[in-house]
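The block underneath contains the structure these notes are about, expressed in C-alpha cells.
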Amino acid sequence: MTAHPPQATADPPDTSRLRSPARRVVFTAVTEAPLDVDKHAAAVGDAGSGAVVTFAGVVRDHDHGRRVTSIEYVGHPTAERVLAEVAQEVAAASRAEAIAISHRLGPLAVGDVALAVAVSGVHRAEAFATASALVDEVKRRLPVWKRQVFADGDQEWVACP
C-alpha cells in the first residue's frame, strides 16, 4: 500500500474576528536616527490585536569567526520607497492587522538596532509569520549595504553589488 501525503486545505475562516484583517502599514522609515522597537510595537497594537510580535536586528560583535567593532549601513536613494513597497506587499499577502518597520543607515556600534519590526495580529501565528516574511523580504530586496569594521582594522562590504 502506498501512502499519499494529505491534501492541502484552505484555512477555515477565522470566526473570532470582529472585522477583516486591517493589513495596514502604520509606518516605514529608512533613517540615521536610533531605532526604538517599543515605539514600533506601540504603533501597531490596538484592541483587536491578540499578538504583537517584534524583531530587533542588532549589530553583533562577530562575523564568520572575526571580531566586529562597528558597522556602517549605506542606502540607495530608493531604499525608503522599496521598504514601503515591501511592507505593503507583505501586509496585503498576510492576515496581520498592522506593520511598522524601520532600517537604520550610517555608523552603528555593537548592540545598536539596525532593523526594527513590529507586527500585530489577532493571533500569534499570523503575527509571527508576517514578521518573518517581512524580515526575509527586506533582507532580499532592500538596497542597503553594510560595511563591517573588524578588530584587526580590516573591513569588508557585505551584500554590496
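Where a number appears in this text, it was derived from the coordinates with a stated rule and is not lab data. Quick caveat: nothing in here was measured; it's all calculated off a predicted structure. Heads up, the Cβs are rebuilt from the backbone with ideal geometry, glycines too, and the neighbour counts pull from every protein chain shown.
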task = Rounded to the nearest 500, what is the 222 nm mean residue ellipticity of the chain from helices alone, with -39500 (n - 2.57) per DSSP H run of 4+ residues and division by all residues?
result = -8000 deg cm²/dmol
key: Model label zone, His64; criterion: amide N under 18 Å from point 7 Å along Cα-to-beta-carbon; scope region 123-161   = 145-161
request  = Would you mind finding the longest exposed-site-free stretch of the chain, with exposed trypsin sites (Lys or Arg not before Pro) meaning DSSP loop and at most 15 other Cβ atoms within 10 Å?
outcome  = 61-161
Contact order normalised by residue count of the chain, Cα under 8 Å, 6+ apart, percent = 32 percent
ask   = What's the extension gain from Ala125 to Gln88 if we count 0.36 nm per residue and subtract their Cα-Cα distance?
value = 11.4 nm
task = With everything on Cα atoms, drop me the angle between helix 79-92 and the longest principal axis of the chain, reported from 0 to 90° to the nearest 10.
result = 20 degrees
message = How much of the pair distance distribution for region 36-158 lies past 21 Å, counting alpha-carbon pairs only, in percent?
response = 42 percent
inquiry  = Nearest 10 degrees is fine. How inclined is helix 124-141 to the longest principal axis of the chain, computing both from alpha carbons?
reply    = 40 degrees
